[in-house]
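Everything on this sheet refers to the single structure shown next.
The values are calculated or read from the model by the stated rules, or taken from the named source; none is laboratory data. All figures in this text were calculated on a predicted structure; none of them were measured in a lab. Quick reminder, even Gly has a Cβ in these numbers, built from the backbone with ideal geometry, and neighbours come from all protein chains shown. Calculation scope for accessible area: heavy atoms of the full protein, side chains included, ligands and nucleic acids excluded. Shrake-Rupley method; radii C 1.70, N 1.55, O 1.52, S 1.80 Å.
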Amino acid sequence: MDYACTLHRGTVPLLVSLPHDGTELPPGIAARMTEAARGVPDTDWHVSRLYAFANELGASILVPRYSRYVVDLNRPPDDASLYPGQNTTGLCPMQRFSGDPVYLPGQEPSEDEVRERVEDYWRPYHDALHAELERLRTLHGHVLLWEGHSIRGSDLPFLFEGRLPDLNLGTASGASCSPALQAKLEAVLSAQSTYDWVANGRFKGGHITRHYGDPARGIDAVQLEISQRNYMDEDSFEYDAAKAAKLQALLRELFESAM
């Protein structure tokens, strides 16, 4: 098995995890997908570029190679629903965010194949994530796990109605980080007027935020789901450097307030 993720090791107590940044599809899997799905439209487009400035701050950054359509790194390995009663996509997604199928008829992965994908693609990412969190926590006594996500901010009725706020902070309803840290982040968001935001709205944090966040052990975990209109064109998937620069200034301020 070739590498499934890339870890840049930093020096400060900050790990930026970007589990939906990957775009590659193994040929054998891609051949069974619909033409539209092979374009991996539900990628968290360009988030590694958006968060590249974190290198300058000394952060560790973890980036996957493969698309979420291979296996969703932000889902639990037993595929339990993160949002019971609401539409969502699973561990090995069968539906796109639009509700359309990922696979050609009869080409969906079997239960055995799902288990194999967990071992081949999901497990290496989580092994690297756990090890880096423990390294930084041991080194500093505490660590912030920042889950960087993005999504199309409108026209996704399968997932949510209407328009998603620009910035969607998730802390598992306050369970994945300390109240003091959440208050600092919310203070930064409240002090600016460029972006609207919400805490623990439609997106409260996925499996990684909920599973690894352990404030009592010195591990704070936060997810930020960004509406993609704020740094790219949502239809062409083109990165907008000017928009991104404005957003990066706020992201930097959030990191600096948290550390």
Taking the residues in segment 194-215 that are closer than 17 Å to residue 226 by Cβ and of a type in the set (Ser, Thr, Tyr) as candidates, determine which candidate is most open to solvent (accessible area, probe 1.4 Å).
-> 194
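Rundown of residues vs (1) within 16 Å of the chain's Cα centre (by Cα); (2) surrounded by 13 or more Cβ atoms within 10 Å (Cβ to Cβ), yes/no style:
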{"residue": "128", "(1), (2)": "yes, yes"}
{"residue": "132", "(1), (2)": "no, yes"}
{"residue": "137", "(1), (2)": "no, yes"}
{"residue": "145", "(1), (2)": "yes, yes"}
{"residue": "149", "(1), (2)": "yes, yes"}
{"residue": "153", "(1), (2)": "yes, yes"}
{"residue": "156", "(1), (2)": "no, yes"}
{"residue": "173", "(1), (2)": "no, no"}
{"residue": "182", "(1), (2)": "no, yes"}
If we scan segment 210-218, do we find a residue that is more than 17 Å from residue 45 (Cα to Cα), assigned to a loop (DSSP other than H, G, I, E, B) and either under 18 Å from the mean Cα position of the chain (by Cα) or in contact (Cβ under 8 Å) with a residue 60 or more places away in the chain (or both)?
-> yes
Within segment 184-193, residues being assigned to a loop (DSSP other than H, G, I, E, B) and either in contact with a strand residue (DSSP E or B) (Cβ under 7 Å, 6 or more places away or on another chain) or open to solvent by 60 Å² or more (accessible area, probe 1.4 Å) (or both) number 1
Please state which one of 169, 247, 224 is buried (at least 17 other Cβ atoms within 10 Å of the Cβ), outside any strand (DSSP E or B) and either in contact with a Pro (Cβ under 9 Å, 6 or more places away or on another chain) or aliphatic (A, V, I, L, M) (or both).
-> 247
Every pair of residues 6+ apart whose Cβ atoms lie under 9 Å, when the first sits in segment 222-248 and is closer than 14 Å to residue 44 by Cα while the second is assigned to a strand (DSSP E or B) and open to solvent by 20 Å² or more (accessible area, probe 1.4 Å) | 231/239; 232/239; 233/239
State all residues of segment 91-125 that are open to solvent by 30 Å² or more (accessible area, probe 1.4 Å) and assigned to a loop (DSSP other than H, G, I, E, B); if no residue qualifies, say none.
-> 94, 96, 98, 100, 104, 105, 106, 107, 108, 110
For segment 33-58, how many residues meet the condition of being assigned to a loop (DSSP other than H, G, I, E, B) and in contact with a Gly (Cβ under 9 Å, 6 or more places away or on another chain)?
-> 5
